[in-house]
Amino acid sequence: MSDVEEAVDQDVANDQTVPRDQDVPHDTSKEDVVLRVDDLQKAFGGLVATDHATFEVERGTITGLIGPNGAGKSTIFNLISGFYEPDGGRVEVNGVDVTGMEPYEVADHGLIRTFQTPRKLEGMTVREAMLVGPQNQPGESFVNVLTSPGSVGEAEKRNLAEAERILEEFEIDHLATQPATDISGGQMKLVELARAMLAEPEILLLDEPVAGVNPTLRNELADQIRRLNEEGTTCLLIEHDMDFVMELADPVVVLDQGSVLMEGPPQRVQSDDRVIEAYLGGGT
Amino acid sequence: MSAGTRLQTAWADLTRAEQGVTGFIVGFAALLLFGLLSGGLAPTYFLYLVGIAGMYALLSFGLNSQWGFTGLINFSVAAFFGIGAYGAALTTADSSPLAGGFNPLVGLLVALVLAAVLALLIGIPTLRLRADYLAIASLGLAEVVRTIVKNESQWTNGTAGVRGIPSFFEGWPVLATFPEAMPGLEIFVPFGARIVLGTSFWSALLNVSLVLIFVGVSYALLRRVHRSPWGRVLRTIRSDEDLARALGKHTYSFKMQSFVLGSLIMALAGVFYAHLNLFVSPGDLDPITTFYVWVAVILGGSGSNRGALFGGFVIVAIREGTRFLNEFAWIPFDVAPLRLLMIGVLIVLVMRFRPQGVLPPQRELIWPSAVDEAPSRPDSGVREAKAGGGDE
């Protein structure tokens, strides 16, 4: 991985003859871009939450999105996933312009997100809550439920088997028939991740996957995210736990006051003066 | 012997709440039977009450598929009920100020179409917003519909109401003349009263069969869709709409489907009412109906179809049953006017001691054929916790 990264960096240096710590964070070396965020803007009244943010996520990476509190990380997630409408700029998923689309349309294009606080599904068991994940289920059409119960049943059986397989992979299959509201916060995070995988996303947006999770489960989550990535899922994750980000993500995008401060491999981000200043300096 | 043991196993297989409800129903049925045999309860009136109970069950089904499934707060149950009743009445009655005299089936169709249109009209602006906005808008809608029906007398006869509504089976081959064709029966009960079953009894019986068909079909339909992936999306929306959206569900469309479905079932109740009562007036659109139905759904257990059915019956039992309490001379005060109070106390008690309702939905709802053949069917956990959220 690091070899590849070095090679890429070398390419950049050769082709464009720009210094490694260029001020323009827009990295054009990425060949296969799953998610392109271009000049995204969003203001809430007078507060500019996202200020011309531009970055790209390359297929097959785990890209970290970090920044001090209030840097606008969650706003960017909401803009990308369609929960907020941007004031300007573009979001592309797999080369398709999804700017201003509804969340379900963005999800249709292969982008699935999770939430910072685990979402509880009352009155459901874990495996039932998992079954919300799969996309385009025939049984989600009212007409199909009445006219072709056979195909609905088959799809349901397939999805249930798949859900149980994924729960097994996440080593939480013993929770399958527990009420979805009775499991621990960390387990909820695992379930949420597992459910997102049932949607077979091209790119997964993880909003603080280990916030408030005990160290054991945290390592577990790190392993799972790494495994999913090795199996081909691209991830973009927000996280405050620096150790977690640095051990998992490459590259890391640093956000400050709504715009991208820099982007680079974790070691370089950690030693970058601007990043340190953004975290410690507290603003302008 | 074997039938007895089977009955015992079936009984042991029920949750405590189910046992309680079963006991209650058996006891109540025995009471009704006693009333019928002793002559305290006239058979025709009894059938009328069954019809009203069926009507409330339909209304509860409708609200349950909006509030119970999807979490949509609809305070215009009475409006959709009224649209159903007036739609049927104005299409079929002789005295209709609009084109009357059509076959009741046409009236049924007109009523359902009207209800669907009204549901769309109120749903389009509000269902994209947070749940509270539908609540506010529907509260207003109920009054708007009632006021229009009351004041636009060139279309609705205003406060005079619509008279001369035919029975639902008017113009049908055999059933239209069934009540007249049936012989009058007299039944002598030992130690009891003489019971006369005449024409009105047979037409009431027809009405009851009609409402039983409506209730049966609605129940079967709702039961199926509730367990389907469609119902699962609705339940996800109820718990957390953002989660459903993030998982690629077009929540607005699902909410609209659920809202229209519920409204249609409420209108169906209205159609039945028009043909049961043979007279509709603006008073039938009073908001109290809405609140009775809300009580029924919450009492039965939000999200549970059989709970809605049970709740609907209980409301009618309280509403109508209190009339009979006055006949007991040893009660030193007038009981009937207290029924609103009793319903209020009942809902307070339910919220305090059993907030999930008497018969909350089953804990797990997965398409039945998928679970039965799934590789690792759980053998524990599901049955015990069926009674609801927590263990007492």
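No value in this document is a laboratory result; all are computed from the given coordinates. Small disclaimer: the values here were computed from a predicted structure and weren't measured. In this analysis, Cβ positions are derived from the backbone assuming ideal geometry, glycine residues included, and neighbour counts consider all displayed protein chains.
General remarks:
- Its relative contact order, with pairs defined as Cα atoms under 8 Å and 6+ residues apart, puts chain B at 27 percent.
- Mean separation of Cα pairs under 8 Å and 6 or more residues apart, divided by the residue count, gives chain A a relative contact order of 24 percent.
- Across the stretch A:121-180, the relative contact order, built from alpha-carbon pairs under 8 Å that are at least six residues apart, equals 55 percent.
- Placing unit charges on each Cβ (+1 for Lys and Arg, -1 for Asp and Glu) gives the stretch B:41-285 a dipole about its Cα centre, and among B:ALA42, B:GLY283, B:ALA246 the Cα reaching farthest toward its positive end belongs to B:ALA246.
- For the residues B:LEU47, B:LEU114, B:LEU37, a GNM of chain B with alpha-carbon springs under 10 Å puts the largest fluctuation on B:LEU37.
- Evaluated with a Cβ-only charge set (Lys, Arg +1; Asp, Glu -1), chain A carries a dipole of roughly 920 debye about its Cα centre, given to the nearest 20.
- Residues A:LEU221, A:LEU237, sorted so that the one with the fewest Cβ neighbours within 10 Å comes first: A:LEU221, A:LEU237
- Pairs beyond 31 Å (Cα-Cα), from A:LYS73/B:LYS249; A:LYS30/B:LYS255; B:LYS150/B:LYS249: A:LYS30/B:LYS255; B:LYS150/B:LYS249
- Listed residues B:ALA99, B:ALA12, B:LEU349: farthest to the positive end of the dipole of the protein assembly as shown (Cβ charges): B:ALA99
- At least 20 Å along the helix axis (C-alpha) and Kyte average at least 0.5, DSSP helices within chain B: B:16-38, B:43-63, B:77-92, B:104-126, B:131-151, B:199-227, B:251-277, B:305-325, B:339-353
- MRE, 222 nm, helices only [DSSP H, n ≥ 4, -39500 (n - 2.57), over chain A, to nearest 500]: -12000 deg cm²/dmol
- Cα-centre dipole for the stretch B:103-168 with unit charges at Cβ (Lys and Arg positive, Asp and Glu negative), debye to 20: 40 debye
- Nearest-20 debye value, the protein assembly as shown charge dipole, Cβ charges on Lys, Arg, Asp, Glu: 4620 debye
- Charge context of A:GLY67, other residues only, Cβ under 11 angstrom, K/R +1, D/E -1: -1
- Candidates A:HIS174, A:THR147, A:LEU160 compared by Cα position along the dipole of the stretch A:121-180: farthest toward the positive end lies A:THR147, with charges placed on Cβ.
- A Gaussian network model of chain A, with springs between Cα atoms under 10 Å, assigns the largest mean-square fluctuation among A:GLU171, A:GLU208, A:GLU154 to A:GLU154.
- The order of the peptides B:61-68, A:256-263 by mean Cβ neighbours within 10 Å, most packed first, is B:61-68, A:256-263.
- Cβ crowding within 10 Å ranks A:THR117, B:THR236 as A:THR117, B:THR236, fewest other Cβ atoms first.
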